[in-house]
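Colleague: Take a look at this one; I'll ask things after.
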Amino acid sequence: MGLKNMAGDHQASAGGAISFGEKYVESDSFKTVFREGMALVEEAASYLEGPGRSEAKRLEPELSFAYATESMRLTTRLMQLASWLLIRRAVNEGEMTLEQADEEEHKVKLQAIGSLARARGYEQLPENMKDLVERSLHFYERILKLDRMIREANEESAAEAETQNPLRSQLGRLKAAFEQKD
């Protein structure tokens, strides 16, 4: 089932809305993305601890700095991705509520990368390192798009649920008003 099909299919049989995020993390598509992401994390860790370490030792000092810079960026990016994937999976498995997941995701801070400047000497780095950097950037962009789609669909679901139940929005306003007076 494609992402667009799942986004449009968010009505629960019990009468409440099921968010796109909830639906997606239960899908085979998410499981595939999860496996791909975690495999990339494992591959990068194996490379950096093994062949990458050996390749880095053979580099000239100025290239060693570029390698260290890109290695740190790669590791940070992959840890953000792994955190996002693990949070989404935890929600699916009932280990975390959507509210807890949103709170945790704010700590992860997935952000658009834009045109990322490369460290000076990047082109002379080992091909394996550059390959991992490029693949991690592409995967990061995929997750950013997916995250944005999930958030937009969830916001639409929440707005639709509020429209269907006008009392809910009034109760929300009352609650907010009383909370501000404390």
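Colleague: Set the Förster radius R0 to 41 Å, insert the Cβ-Cβ distance between Lys57 and His138 as r into 1/(1 + (r/R0)^6), and round the FRET efficiency to 0.05.
Modeller: 0.90
Colleague: May I pose another question? What FRET efficiency, computed as 1/(1 + (r/R0)^6) with R0 = 35 Å and r the Cβ-Cβ distance, is obtained for Gln124 and Asp102, rounded to the nearest 0.05?
Modeller: Here the calculated transfer efficiency is 0.25.
Colleague: Hey, can you rank 147-153, 172-178 by average C-beta count inside 10 Å, highest first?
Modeller: Ranked by mean Cβ neighbours within 10 Å, highest first: 147-153, 172-178.
Colleague: Return the sequence-ordered ³J(HN,Hα) values of the stretch 45-58 in whole Hz as given by the Karplus equation 6.51 cos²θ - 1.76 cosθ + 1.60 applied to θ = phi - 60°, using x for Gly and Pro.
Modeller: 4, 4, 5, 5, 7, x, x, x, 4, 5, 5, 5, 5, 8
Colleague: Still on this structure, please answer the following. Going by C-beta contacts inside 10 Å, put Tyr122, Tyr67 in order with the fewest on the left.
Modeller: Ordered by Cβ neighbours within 10 Å, fewest first: Tyr122, Tyr67.
Every number in this text was worked out from the coordinates using simple rules, so none of it is lab data. Everything quoted here is computed from the prediction, not taken from an experiment. No Cβ is skipped: glycine too gets one built from the backbone with ideal geometry, and neighbour counts run over all protein chains shown.
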